[in-house]
Structure formats: structure tokens, C-alpha cells
1. Where in region B:130-195 are the strands (runs of 3 or more DSSP E), entirely inside, with at least 3 residues that are modelled with pLDDT of 95 or more and either closer than 29 Å to residue B:339 by Cβ or touching a Ser or Thr at 6+ places or on another chain (Cβ under 8 Å) (or both)?
2. Which of the residues that make up region A:19-35 are at positive phi and surrounded by 14 or more Cβ atoms within 10 Å (Cβ to Cβ)?
3. Filter region B:265-303 down to the residues that are out of contact with any strand residue (DSSP E or B) (no Cβ under 7 Å at 6 or more places or on another chain) and of a type in the set (Gly, Ala, Ser) and list them by number.
4. Kindly indicate the residue of region A:110-135 that is away from chain B (no Cβ under 14 Å) and free of Cβ contacts under 8 Å to residues at least 60 places away in the same chain and also surrounded by the fewest Cβ atoms within 10 Å (Cβ to Cβ) among those meeting that condition.
5. Since residue B:35 meets every condition but one in (1) more than 12 Å from chain A (Cβ to nearest Cβ); (2) over 18 Å from residue B:131 (Cβ atoms); (3) not hydrophobic (A, V, I, L, M, F, W, C), which condition does it not meet?
6. Mind counting the residues in region A:79-109 that are out of contact with any Phe, Trp or Tyr (no Cβ under 6 Å at 6 or more places or on another chain), more than 11 Å from every other protein chain (Cβ to nearest Cβ) and within 15 Å of residue B:153 (Cα to Cα)?
7. List the number of the failed condition for residue B:218; all other conditions in (1) of a type in the set (D, E, K, R); (2) out of contact with any Leu (no Cβ under 9 Å at 6 or more places or on another chain); (3) touching a residue at least 40 places away in the same chain (Cβ under 8 Å) hold.
Number of protein chains: 2
Amino acid sequence: MKTLTVDLGDRSYPIFIGQGLIDQPELIQPYVTGTQVLIVSNTTVAPLYLERVKQTFSDYDVQTVVLPDGEQYKNLEILNRIFDVAIEHHFDRKCTFVALGGGVIGDMTGFAAAAYQRGVNFIQMPTTLLSQVDSSVGGKTGVNHPQGKNMIGAFHQPECVVIDTDTLNTLEDRELSAGLAEVIKYGLIVDYPFFEWLEQNLPGLLDRKADVLAEAIERSCQNKADIVAKDEKEAGLRALFNLGHTFGHAIEAGMGYGVWLHGEGVSAGMMQAIYLSKLMGDLTQADQDRAAAILSAARLPVLPPSTDDMPNERFLALMAGDKKVQAGKIRLVLLKAIGQAYVTGDYSPALLERTLTEYR
Amino acid sequence: MKTLTVDLGDRSYPIFIGQGLIDQPELIQPYVTGTQVLIVSNTTVAPLYLERVKQTFSDYDVQTVVLPDGEQYKNLEILNRIFDVAIEHHFDRKCTFVALGGGVIGDMTGFAAAAYQRGVNFIQMPTTLLSQVDSSVGGKTGVNHPQGKNMIGAFHQPECVVIDTDTLNTLEDRELSAGLAEVIKYGLIVDYPFFEWLEQNLPGLLDRKADVLAEAIERSCQNKADIVAKDEKEAGLRALFNLGHTFGHAIEAGMGYGVWLHGEGVSAGMMQAIYLSKLMGDLTQADQDRAAAILSAARLPVLPPSTDDMPNERFLALMAGDKKVQAGKIRLVLLKAIGQAYVTGDYSPALLERTLTEYR
């Protein structure tokens, strides 16, 4: 087992990475407060792991909520089901919520924990690659609004993150690839050696070799933890994580949530950011080709939807609706080089327009 | 104008108290961040003050939301209307929400600000005595769940609190009295000289004399600010604010929300706590009579509903709220003397039972 720490002063917490961790009460129970545990999962993950996780918490008064699976259910109405169960069973302020599932479950459970009685503790047990390397670390929680992703939420750090790499064995190929988009992202934004390692080790990742997956997860989480420790509330540096996300969120919203997976939108979106960076003279055609090659090898889309599906105007409007807009200017994460991202609102709108037109 | 400060380190903020403050842009605008202002009000307050407050923020991109008036609308569904407007108008992370109304508007606007894009700034402009002396100070925000008051929320401090005492001129007599219950509470829990001052000045308060109201508000807010500064997240001391509230919430819930106003329930509830304190040998009959006299003079109920309306068993169950019905375990705020409250779970259940039976 590997242990990383997210260093946030008195809100610091460990990330445990290894095989078979969800069955280890002695590892997890020290992070439980109170006597009541509410496990939140979804209809896909619950049949696979819920009974085992209930066993892990068998020393506590355990309740469970199983939510429908999918980004389209990440809203205030479904969130309320978590509150319903907690209140029905008289959960007090010292209780612990446990998120067992992917990013949607983690985000919703975290926000429910942030808001229930104005804040209770929670534990992340992410079961998808995407959530293991991204959303379960960093304390961003929330739900979607019909007009925008993650518009309603809180910064609320977990007590610990338990990444059981065995859970990836039951993950669909498409979901594994979606997670790889975020893994590759860390290489692109801040870690060129990791990008090279990924180019070498992509076959092992696709074959789900446990040691290769564990190393990719560890290096991803380490990159994420380092940046979160420096910028918990996204005042600056943390925005780098959004490489491809402003484009990607527009794709997800424009095509209807759930049609493109988040990681798929991010993959095409990162390529759009890279294309724009090339137009700005920072990246070469060779850089673009390398990025496209590794994302394609990871079985990810590199091109956004066609202009028929998403005309430029609609694309821009959806990008502008994204929360990273400050005073009307769409701020984007772009690359100076592979492994060197920066945030800017200072680019030519004409080049963005060209990107939307040409890179399809 | 008087200015108090709630001392919370880098989240400290001022409370301004005086006449005509809502018309003073030079006072308020320094606390606005960003260029977008969303004023949230209700159908009772908006016709009286919304246009004036819009003028105060006329240097900004101002949007408004007018919610239905009443505790029964303090829920996630109505909260969503605030998000709808903010998102529709592309409000960014630097925007400012303004709560213009009573406690319900303040709690909802504050929680919306806590959750919108994971947290934006907000300003409290409370227009009822109750919210001016209680809910607008301290950062507790939230909405109700059908099974429990304020079960969903956040600690989120405002940038400033603007208390315009002129707004009390339009307040109904019954609402003014409800606010006085919380004013008198501060005297009872921690401030005997204030209690004596209130005994002297109650006629002036009921006549709505501006200088008397301003002093009562100032001394109430000062007491609240002092305690909040020592215990922001209700680990201990802050629980003193709950004098009469466990009884009072039971009355509110038992009689149906909206039948008894919050301040009315608190008034009768404080008398029940005082009666129990007398049975425990800490207060005298004279203390009880003084408390009853000032609350009655403030046109507040001193007796809880009859045993016909709320039998002891039902009363206890509602007081126990989220806990099992074990009378001895319900923590209560009681008095050692007028001006000296404490929190305890260590009292005889028989004396609580006697209080419920005898003090009706």
C-alpha cells in the first residue's frame, strides 16, 4: 500500500492506494467520527461492493443510500435523498458519510456532508479511475444546475481517501479510458517525465496491470495533492487542473449530459486547448501529434463534436457559461510546452474562433 | 451610526447600525466584490425597500429575486430560484449576494452564497428586529428539511451587516415583539445590566423610539458578536444562544410552523427553562416573576400551549428531536441567575417532567 498526504494544515488527510483496501476496517475506522455511518453509492457500484463496505463499518450504526447512476442525476433533487436518509435515521453532527462510487457519488456525498447540519465528516472510496485520480482528492464537492456543471457546491475536505485498485477490475473499458484522460492531463500540465512514462506504459494501463495502475494513480494524486496544498480554494494555480475542461464542459452540456463522458469531453477539450496553443506559437505540430497519439491510444476522442452538432456560436455560449468566466472573459488553460500549463484570458478571440472552426 | 465588529480573524466583518443606512452607497459599496450584485428579497419587503436598495447598488450590474414570504418556503426548491437567476445572468465567482429581508431571507441568501460556485460573498441587510439581533450575525445559514429545521446549510460569514433601524417602522407589532424575545434573551443569558436596562426601556422599544431601538440592537449584537468570536462553529459557548429554543422549537413544530412565531416559541420556552431552573434551586420565584413581567410587557406569550394541544409525551418527543426520547439526555440551556446561563444534560428528568406538567 502507498500513502500520500494532502497537506492542508489541520485539514490534512491521507490518500491510501493499494489492492483490497475496502476490506480493511483497521485502516479505515480511525477516520470515522461518531457512531453513525451513511454509505452513499449508486445502482452500478452497490451490487459489486456495498455489502463488503458495510462489513468494513460493521462496528457502527450503518445506513445506506443507493442513487441512480449517471451525471444526469447529480442535482439538488437527488441530493435530497441523502438528507432524507440521514434525517430519517436521526444522524447527528458527529456522523460520517462514505462515498462509494465514481466522481458523481463523491461530489454529491461530499456536498451532502458539507451541508448536513452545516457540516459533517466524510470518507472518499472512489471506484473509478477518474475519481481516484481527480475528484476524490482536493475537496471540491457539488451538484449541477440545469444551466451549468458543479455550479452549486462547497469546498469540503474528506477525512481520508481510500483507493482500492481492485475496484478497477470491474470498470468498463470506456470508463477506464475516461479516467486516463485525467491521468494524461497531469503529464500535460505540470509533469513532463510522467507524460513520457505514460507514453511508455499505456499498454500496461489498458491491460489493467495492478502495479502500473497503482503507479499512475500515485503519480496523478501526488501532482494533484501538491497543487491543492498550495491553492486549496482555486485562487490561482489550481486552475491548471482545468486544462481542456472549459471546452470539455461545453461539449458535455451541448451534447446532453451523459452522452459524452466527462473524460471524453476533457480529452477532446485538451486537444482544442493544444491546437489553440499551437496557433499562438507555443506548441509545435509535433507536440499536437504526440498528445493526439497518446489520447487516441487510450481510446479517447481527440476531435470535438461536428459543427452540425455544435455550431461555434453555441460552443462559445456554453464555454462562457462555465464558472471560470471572470467579468465576461473566458479564461483558458493553455500550454507553453508539454508539462507546462498556464491560465490566461489574454489571447486573441480570433484564434479561439479559428480553433473552433478548424479543429473539428 | 454605530459600528461593531465581529472578530473572526481574516473573516472579521462590521455591523453598521443606524437610520437610513440602506440608502448609503458610500457606506456599503466598499464591501461589494466583483461587478455583479444579486439582491434577494421577499414579497413583503420588496415592495417597501427593493427599489431603494437597487439604487444603492446602481454602480453595479444588479439583478433581483423576490421569494415568497414565510418559513414554509425556506427549502431547497425555493433556494434553487436564487441559483436560477445567478446562473441565467452569468454571475461569476466574484459576485455579491445581498439579503434584504428577515431571518428566512438572510439564511437562504447566505446559504445560496455559500454554495454558489462553492462560495461567493454576501451582505446582510436585515429588516426585522429578530434578524437584526440574531440571525444576520454569526454566519449560520441554511434551509429546512421537511423533517427538521435548518438541517441543510453552511457556516458562511457576510462581508458586512447593514442594520437600518428605519426599516422597523414598517414591521408589524407582532413581529416586533417576536424580535424582542431574542433581545431579552441576551439579558437573560449573559448580560444582567442589559436586562435591567430593558426593564427600564421597554416602553421606548414598543414605541419604536429610534435611539432606544438602536441601543437595544447594538447591545444585542455586541453580545452575539462576542460569543460568536469565541465559538464560530458552535463547539460550546454558542449553545447559550439556544436558551428557550429546545422548548420553543418543540412548540413551533407541535403547533404547526407559522402558528407560533419563532420569537413567541422562544419566549414561552425561556420561561419553561426558567421554571426548571427554579425547581433546581438556582432561580427564585422573584426571578421568574421578573422574566415573566418583561416578556409579558413585550406582548409575548409566557405560557406554552396547553396539555390538550401538546401533551407532555409529545412535547418531550419534539424536544428530543433527532435523539431518542430520554428526557435526562436532552441538553438544555438553563440559568444559574439572570444573566448567567449554562448548558447541561445533567438535570433530573423528573424536574423536566414537572416543568412540563406544572408550568402551563
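The values are calculated or read from the model by the stated rules, or taken from the named source; none is laboratory data. These figures come from a predicted structure and were not determined experimentally. We place every Cβ from the backbone using ideal geometry, glycine too, and count neighbours over all the protein chains shown.
1. B:148-155, B:160-164
2. A:34
3. Scanning region B:265-303 gives B:265, B:267, B:268, B:269, B:281, B:286, B:291, B:292, B:293, B:296, B:297, B:298.
4. Here the residue is A:131.
5. (1) is the only condition that residue B:35 fails.
6. Residues flagged as out of contact with any Phe, Trp or Tyr (no Cβ under 6 Å at 6 or more places or on another chain), more than 11 Å from every other protein chain (Cβ to nearest Cβ) and within 15 Å of residue B:153 (Cα to Cα) within region A:79-109 amount to 1.
7. Failing condition for residue B:218: (2).
Residue by residue, here is whether (1) surrounded by fewer than 23 Cβ atoms within 10 Å (Cβ to Cβ); (2) away from chain B (no Cβ under 14 Å) holds:
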| position | (1), (2) |
| --- | --- |
| A:242 | no, no |
| A:247 | no, yes |
| A:269 | no, yes |
| A:279 | yes, yes |
| A:285 | yes, yes |
| A:291 | no, yes |
| A:297 | yes, yes |
| A:312 | yes, yes |
| A:320 | yes, no |
